[in-house]
Amino acid sequence: MKHLTPINHKATRIEVVTSSEAARPEGAAKDVVALQGPPQQPEPPHIPNGCSLVFAPGWEADRNGGTAGLCQPVERDLFDCHMGCFWPAQVPDQLNHAPDWTAKCAAAQKDWRKIDLIFPDEKKK
Amino acid sequence: MTRLVLLLLILAPAGLSAQRPPTPSGGDHLLYIGTYAGSIQIFDETTEKMAGEIKLNTGIPRSLTLSQSRSKFYVLDSTLEKIEIVDIPTRASLSTFTLSEGNKQVRIRGLQVDPLERFLILLTRSATKQIDRWEIGDIALQLYDLAQNKVTRTIPWPKGEERENVNIRFSPDGKLLYFFGDDVLILETTNFTEVDTWPLSRPIEAGLGRVNFGAVEDFNEDPGFLTGLFTTQDPIQNRRIMNLGRVNLVAKTIDLTPIGPAEGVGFALAPDRKRGYGLMQQIGRYEFWAFDVAQKKLLNRTAFEGRPRMALRVSSNGRLLYIFQAGATIDVYDAASYKHLRTVEMNADQTTNLFILPRK
């Protein structure tokens, strides 16, 4: 597939440069290229998958590190974030200790009042 | 008596209209989606009402993987430990299995179904509980034989490089496996040895830059083809360009047409493959995009009142757009005017992708 054909000397030179760039072995050092600029989009904050996998920051963050991009109302996304991100700081541990904490509630936005309250097991202390 | 007849005459049309299917209709298929109620719920596309449910033995589903024959779902549960095989025509659960046993928990992080349904490729990592610690195993690609109902072999990592996530596709005949990395490594599916390489890390055209090959939805495509939006970054000014492209896995070709600057746009192909729709999601800014796939051009982009976290599907007749994900609603939009028509209310939150399949 080739969409562009150089029709003047400058365009020909660009094609020569880019074809030599393409032919360079992987891992070889790159030349400095005129007009090369920084990436157009800044690096996003380091938050794995937009989820709070650990206690920092302690709440779910959106891909920009804020909360404006989260679901509204928050109940809408409660289960998906809980399952996908585990939300260890906010919700019971469904995998090990409280597998049924949402057994009576399948739609969080409608039935959130039916979600169980989980307290520490006094016997295990 | 006359008053009663009059009352019936007045009320009759209202009763009929209440039962009339919503218009415009999205088609006559069935919508399947996994839910937090531990089931796959089925909605009639014509009436937009719930038409059935497949109760799962493994509880809440985390993902549904459709077989190439479109007759089975391979369901991964929310604990990532169990897989359930569901027959779609009979709406019956066929079998379940887990790789966990004793003090060893094996989490399945991803799966691919062989087109001939001889085996599954599973991406797994184990955690073994010892007396004083958990031992975390290596991440592994395993082959689960569906006839023998057990893992029969571990597939060595191509080039010995372990991956936390993999992007794997099969050729339509199931004889080749495409392992997407910097390049596409092509393995045969008997001994899983490398038989070919597709050097996608090299620019396919001088100055274009390498193609970023992310997750591409192929639901409405022919087996072995992928249509979607691909990003390239030119080596001169590092500009990230959005391209509308179609990949032919068997021929190892990709046909790209630049559309404009790269933006975060999801893509859904209409069933007729002539039209595609994009969904742009930024904080407080949501847009529908329409693509003419045949002419390879962007037709329009229109802002709409969206919400955070959305996914897009095109109805079976191409006239409606379904917005789903995160929550218990499916918003229905007109594909021509992007007008919000109505909302399908579910009784449980969605946990998987939405599949639109013909009635059997």
Q | Considering residues of the stretch B:213-245 that are of a type in the set (A, V, I, L, M) and in a strand (DSSP E or B) only, the residue nearest to the other protein chains (Cβ to nearest Cβ) | A | B:241
Q) Has the stretch B:269-285 got at least one residue that is in a loop (DSSP other than H, G, I, E, B), in contact with a strand residue (DSSP E or B) (Cβ under 9 Å, 6 or more places away or on another chain) and either of a type in the set (Ser, Thr, Tyr) or surrounded by 20 or more Cβ atoms within 10 Å (Cβ to Cβ) (or both)? A) yes
Q: State which residue is nearest to the other protein chains (Cβ to nearest Cβ) when the search covers only the stretch B:246-285 and only residues that are free of Cβ contacts under 8 Å to residues at least 12 places away in the same chain and under 14 Å from residue B:230 (Cα atoms).
A: B:255
Q) Filter the stretch B:322-360 for residues that are assigned to a strand (DSSP E or B) and acidic (Asp, Glu); which is farthest from residue B:73 (Cα to Cα)? A) B:334
Q: Inspect all residues belonging to the stretch B:344-352 and state whether any of them is within 14 Å of chain A (Cβ to nearest Cβ), touching a residue at least 24 places away in the same chain (Cβ under 8 Å), among the hydroxyl-bearing types (Ser, Thr, Tyr) and in contact with a strand residue (DSSP E or B) (Cβ under 6 Å, 6 or more places away or on another chain).
A: yes
Q: Determine if the stretch B:303-312 includes at least one residue that is out of contact with any His (no Cβ under 8 Å at 6 or more places or on another chain), part of a strand (DSSP E or B) and within 24 Å of residue B:33 (Cβ to Cβ).
A: yes
Q: Give just the number: which of (1) modelled with pLDDT under 80; (2) touching a helix residue (DSSP H, G or I) at 6+ places or on another chain (Cβ under 9 Å) does residue A:73 not satisfy?
A: (1)
**Q.** Check on residue B:193, under 17 Å from residue B:113 (Cβ atoms), free of Cβ contacts under 8 Å to residues at least 60 places away in the same chain and hydroxyl-bearing (Ser, Thr, Tyr)
**A.** no
(Q) Any residue that is within 17 Å of the chain's Cα centre (by Cα) and surrounded by 16 or more Cβ atoms within 10 Å (Cβ to Cβ) - is there at least one of those in the stretch B:252-263? (A) no
Q. Is it the case that some residue within the stretch B:311-333 is without any contact (Cβ under 8 Å) to a residue 40 or more places away in the chain and more than 14 Å from chain A (Cβ to nearest Cβ)?
A. no
(Q) Which residue is nearest to the other protein chains (Cβ to nearest Cβ), if the candidates are limited to the stretch B:41-92 and must be outside any strand (DSSP E or B) and acidic (Asp, Glu)? (A) B:81
(Q) Regarding the stretch B:291-310, can at least one residue be identified that is closer than 18 Å to residue B:31 by Cα and surrounded by fewer than 21 Cβ atoms within 10 Å (Cβ to Cβ)? (A) yes
Q.
Taking the criterion of being part of a loop (DSSP other than H, G, I, E, B) and out of contact with any Asp or Glu (no Cβ under 7 Å at 6 or more places or on another chain), would at least one residue in the stretch B:256-263 satisfy it?
A. yes
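The values are calculated or read from the model by the stated rules, or taken from the named source; none is laboratory data. Quick caveat, the model's predicted, so the values are computed rather than measured. Cβ atoms come from the backbone with ideal geometry, glycine included; neighbour counts cover every protein chain shown.
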